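Quick note: the coordinates plus some simple rules give every number you see, no bench work behind them. What you see is a predicted model, and the numbers here were worked out from it, not measured in a lab. Backbone-built Cβ (ideal geometry, glycine too); neighbour counts: all protein chains shown.
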């Protein structure tokens, strides 16, 4: 049964298998089946309609915006959009689900068979863009539940139904990934896509994007192992850590001779571990049944296929939505490479960071420098400093125009490139000071005065006869040592091109 | 059908299926078939024509009602084997749906109801899509995404026995359903 190829590599190696279940809260003004507002924070139970509270005599009324959002997301992820989809009831008892069932789309969801293409920066220097795919099994519309706040002191749970009934898109992915890094990259790409579409704001810490990971381990070629479900992951970084921890935990269990339990585990960010959650009562039987209050949802391909006499407000036309799709991140990356001639890995970094593309383009507007020379400053210097202090692009103490000014100083030969980096640091620490001010204050301007350079070079040459002899004998590399000494004398402000030329002449 | 419906009329409360039995005893057997219960056929007393009135109504019977019952009971051999519900399935159903089958009689009633539904197997459904509801060919109404409801926290909280600062109060988790024996003991003392 074992694949002969893998037998040669590492026959006993256990690898992880990761599948994700993602719930994305639809960015709409009202809920999926009621006209109550959708908002992140509001007084408890103030955003609840009678239907959301599950009072008798209320009926669901589908929100058109939610349907459009699901179709847009399905199209962006290359799914087949089902022209007819059905709603079902999924029954279970919990205090934050007042009806005792959730309206979802289990039998026939709105979109199926899609692909999410994401990229990882890999290779030794982490600068190779590797493209990977995850298959999306289906996208379905469903209701969110309310929120429960556990009060262990008084042994009670407080229920807030503001979130009950909010529209969700559940994206079910096939277990095509093998580690935390891949899952994190896939979710990041999904976040960017959803934010570009405007269908979900994708903020994991606010619960707009919830990710549950199904993790198992096995040997390649063998059947899949027992999987556990990992919940309570609040950020992309924690997602990668939780998955990697769980894979390692399962490997350890198996190597000790134990068996992995099929259970639900919660990620504890403080300890970095996954812990078993309160035991669910055995295998849940959700008693799925068709939702009797909602006829099938019919979508139309194009205006030509609309039945006569139908109200335009009452239809969702797939063609129209397809034409209205905004620029997706992958297209944006390619466009940046084409327009500015930058490398794919730079484009990847730009798009991955909120606001960095705008920053980059703003710098380009005010400098004559080539984009390929600017990109390094943005992706290395600027981004490096931001990451170190956990800041976002909009919090940068150096504005695009300030950076452009610094680059101009370097480009026009007023300062050397190593000095430019020093000035950058100083600008970072004293926001508001321009590059020019700092250069003048600290006298960092390039010394191009040939007479001065000549005398310094002469001093160095005179005090190092051995090195001069080595150069004259053919070892040209020793010249760099002399250059270093000259730079030390001038505190790095000597124009390197001039210095090299002068030294070469003096040692020839 | 007959045995079940009469049995059902005894166990269901409030539904007055007692009338048919009354009719049988009052009306003369004038040749129109009040057939014997043992052969499992019952037909309603028929009128000769438009003139004969019904016992409890001033309207004559509609012409579209057939004069003789057209119901044919399905022979046992055409039905699948009778479903027997094991005790742990009963327990599982009781937990999932929070219903109570109470006594052996209740269980027997359930099994008869399933038997009745088994008659559907006789119908040939090849190539026919299953229906969800009789309204499934209606157009699903799509609502505009505008705020119309909400902001009635006070009204909703009034409905709850226990609230704390605009939150509904619930027990800390799902209260586990008591075991079968305990449930029976609990219900013996209840008013049902």
Modelled FRET efficiency - R0 60 Å, residue B:122 with residue A:271, Cβ distances, 0.05 increments
0.45
Hey, how many Å between the Cα centroid of the stretch B:97-124 and the Cα centroid of the stretch A:463-507?
100
For A:346, A:150, what ranking results if the residue with the fewest other Cβ atoms within 10 Å of its Cβ goes first?
A:150, A:346
Once the Cβ-Cβ distance between residue B:95 and residue A:480 is put in as r, and R0 is 60 Å, what FRET efficiency do you end up with, to the nearest 0.05?
0.15
For the stretch A:413-472, just say rounded, prolate or oblate: build the C-alpha gyration tensor, square-root its eigenvalues into a ≥ b ≥ c, call rounded for a/c under 1.5, and beyond that prolate if a/b exceeds b/c, oblate if not.
prolate
Would you compute, from DSSP H runs of 4+ residues alone, the mean residue ellipticity of chain A at 222 nm, taking -39500 (n - 2.57) per run and dividing by the full residue count, rounded to the nearest 500?
-11000 deg cm²/dmol
If you count, for every residue in A:31-37, the Cβ atoms of partner chains within 10 Å of its Cβ, what is the mean?
4
Full-extension gain between residue A:466 and residue A:41, please, as 0.36 nm times their residue separation minus the C-alpha to C-alpha distance.
145.5 nm
Report the calculated FRET efficiency for residue B:160 and residue B:113 (r = Cβ-Cβ distance, R0 = 30 Å), to the nearest 0.05.
0.25
What shape does the stretch A:265-330 take by its C-alpha gyration tensor, where a ≥ b ≥ c are the square roots of the eigenvalues and a/c under 1.5 counts as rounded, a/b above b/c as prolate, and the rest as oblate?
oblate
Using the 10 angstrom Cβ neighbour count as an exposure proxy, how do B:168, B:116, A:51 rank, fewest first?
B:116, A:51, B:168
How well do other chains shield peptide B:159-166, expressed as the mean number of their Cβ atoms within 10 Å of each residue Cβ?
3
Order A:451-463, A:179-191 from most to least packed using the mean count of other Cβ atoms within 10 Å.
A:179-191, A:451-463
Extension gain residue A:21-residue A:125, at 0.36 nm per residue separation less the Cα-Cα distance, in nm?
34.3 nm
For the protein assembly as shown, what class follows from the C-alpha gyration tensor (a ≥ b ≥ c being the square roots of its eigenvalues): rounded when a/c is under 1.5, otherwise prolate if a/b is larger than b/c, else oblate?
prolate
